[in-house]
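The values are calculated or read from the model by the stated rules, or taken from the named source; none is laboratory data. Everything numeric in this text was worked out from a predicted model, so none of it was measured. Here the Cβ positions follow ideal geometry from the backbone for every residue, glycine too, while neighbour counts run over all protein chains shown.
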Amino acid sequence: MGVFPHRIKPVAMLLVMLAGWINRQQQEMIEYLQEENKILREKLGKKRIILNDAQRRRLAIKGKKLGRRFLGDICCIFSPDTILRWHRRLVAQKYDGSKYRRKPGRPPISRTIEDMIVRIASENPSWGYFRIEGHMKHLGYNVSRTTIGRVLMRRGFDPDLEIRKRTTWKDFIRSHWETLAAIDFFTIEIHTWRGLMRYMVLFALELRSRRVEITGIIPQANGQWMKQMGRNLSDSISGFLRGKRYVIHDRDPLFTRELGQILKTAGIQVVKTPKQSPNLNAYAERFVWSIKHECLNKLIILGERHLRHVIEEYVRHYHHERPHQGIGNCMIDPFDQGKGEIVAHERLGGLLKSYRREVA
């Protein structure tokens, strides 16, 4: 037992010497890094060093392991208190539950609910907030009247119910679609033995089907002629406006009070478009554009008889052979098709063409 301590002394001495050497090496490395940091800071001058969150996090984790005393010995860019404050903030962020806390007040409604409120209000302008609230509740959405009002005002709806109750032109057309027609004029210059003359063509159009009737063709319409046209249109047996409740026309003076009275007697209410608003009789205007650009503007019309023939041929083409985008790109009254060869049918010397299968 007495020999064992004598044999350990050289080993212990060697370990002490080795530890001292390693400690001295570490201290020299620390002193070198400190001096390097001082030189870098001198180069930067008084400019503040700004770190991002990731850099602060790295220094905070390393600095916490050393403790404040050692940090005070080696830190020369940031103070020990600064590094430890970063660490405390890092710990606080880990246990921060504020993002899970609901803010005061009602939670915001989803985009789906908001769109549904706007849809119901758009499709039913006369409905108030109470009624919209009831329908939303029926659909499974618990939304208050205040929220409904706030959503509608934010999306551009007028809060005044009386203003919202006013029927728009679009709503009027849609709600009377089945019983609505339009009448209008278009003019065409033709060559006659007396020279170039302007003729007026009065036509009527059923909005739902796009069916057209040429009511009359005359060089210059007048009140008496218009009264007769009104009787023809409203005839209870063969009149084009039979069964219609409303007819739209513009404010042309030729649409006289007497004409309106004849139509009213037949149970047809006249709806006049506002001044300078041809787009509000758009279906009639579209027919005028079609017959002129597809037919009349491409021909030199020689006399009234020729004009009547051209218009008659175009109307047949319009009804039986021409697809219409407004009714699903279908024809108004197509001819029966067979199962034979596909052939082209021409009108007015090939100006108007259509294709169909021949009947075997």
Would you pick out the residues in region 296-312 that are in contact with a strand residue (DSSP E or B) (Cβ under 7 Å, 6 or more places away or on another chain), in a loop (DSSP other than H, G, I, E, B) and among the aliphatic types (A, V, I, L, M)?
Ile300, Ile301
Quick one: in region 307-356, of everything that is in contact (Cβ under 8 Å) with a residue 24 or more places away in the chain and of a type in the set (Gly, Ala, Ser), which residue is farthest from Thr187 (Cα to Cα)?
Ser354
Search result, residues across region 227-260 that are under 42 Å from the mean Cα position of the chain (by Cα), of a type in the set (D, E, K, R) and under 23 Å from Ser277 (Cβ atoms)
Lys244, Arg245, Asp250, Arg251, Asp252
Single residue of Phe203, Phe240 found to be touching a Phe, Trp or Tyr at 6+ places or on another chain (Cβ under 9 Å), hydrophobic (A, V, I, L, M, F, W, C) and surrounded by 13 or more Cβ atoms within 10 Å (Cβ to Cβ)
Phe203
Does Arg211 meet the test of being surrounded by fewer than 16 Cβ atoms within 10 Å (Cβ to Cβ), touching a residue at least 12 places away in the same chain (Cβ under 8 Å) and closer than 21 Å to Val315 by Cα?
no
Note on region 108-128: residues at pLDDT below 80 and either surrounded by 15 or more Cβ atoms within 10 Å (Cβ to Cβ) or in contact with a Cys (Cβ under 8 Å, 6 or more places away or on another chain) (or both) are Pro125, Trp127, Gly128
Matching entry among Tyr314, Tyr318 (being hydroxyl-bearing (Ser, Thr, Tyr), touching an Asp or Glu at 6+ places or on another chain (Cβ under 8 Å) and under 21 Å from Glu213 (Cα atoms)):
Tyr314
Helices (runs of 4 or more DSSP H) contained entirely in region 202-295, each with at least 3 residues that are modelled with pLDDT of 90 or more and closer than 30 Å to Pro323 by Cα
223-233, 282-294
If Ala344 passes every condition in (1) farther than 30 Å from Asp252 by Cβ; (2) surrounded by 15 or more Cβ atoms within 10 Å (Cβ to Cβ) but one, which one does it miss?
(2)
Looking at (1) more than 42 Å from the chain's Cα centre (by Cα); (2) free of Cβ contacts under 8 Å to residues at least 60 places away in the same chain, can you tell me which one Tyr199 breaks?
(2)
Out of Val270, Val310, I need the residue that is closer than 24 Å to Gly243 by Cα, surrounded by 15 or more Cβ atoms within 10 Å (Cβ to Cβ) and in contact with a helix residue (DSSP H, G or I) (Cβ under 8 Å, 6 or more places away or on another chain). Which one?
Val270
Out of all the residues in region 313-360, which are outside any loop (DSSP other than H, G, I, E, B) and of a type in the set (Gly, Ala, Ser)?
Gly326, Ala344, Ser354
Inspect region 242-251 for any residue being of a type outside the set (Ser, Thr, Tyr), free of Cβ contacts under 8 Å to residues at least 12 places away in the same chain and in the same structural domain as Met200 (by TED's automatic domain parsing) and give the result as yes or no.
yes
Contact list please: Cβ distance under 7 Å, first residue in region 269-281 and over 17 Å from Glu206 (Cα atoms), second residue modelled with pLDDT of 85 or more and exposed (fewer than 14 other Cβ atoms within 10 Å of the Cβ), pairs at least six apart or on different chains.
Lys275/Arg251
Scan region 178-188 and tell me whether some residue there is assigned to a strand (DSSP E or B) and farther than 28 Å from Leu299 by Cα.
yes
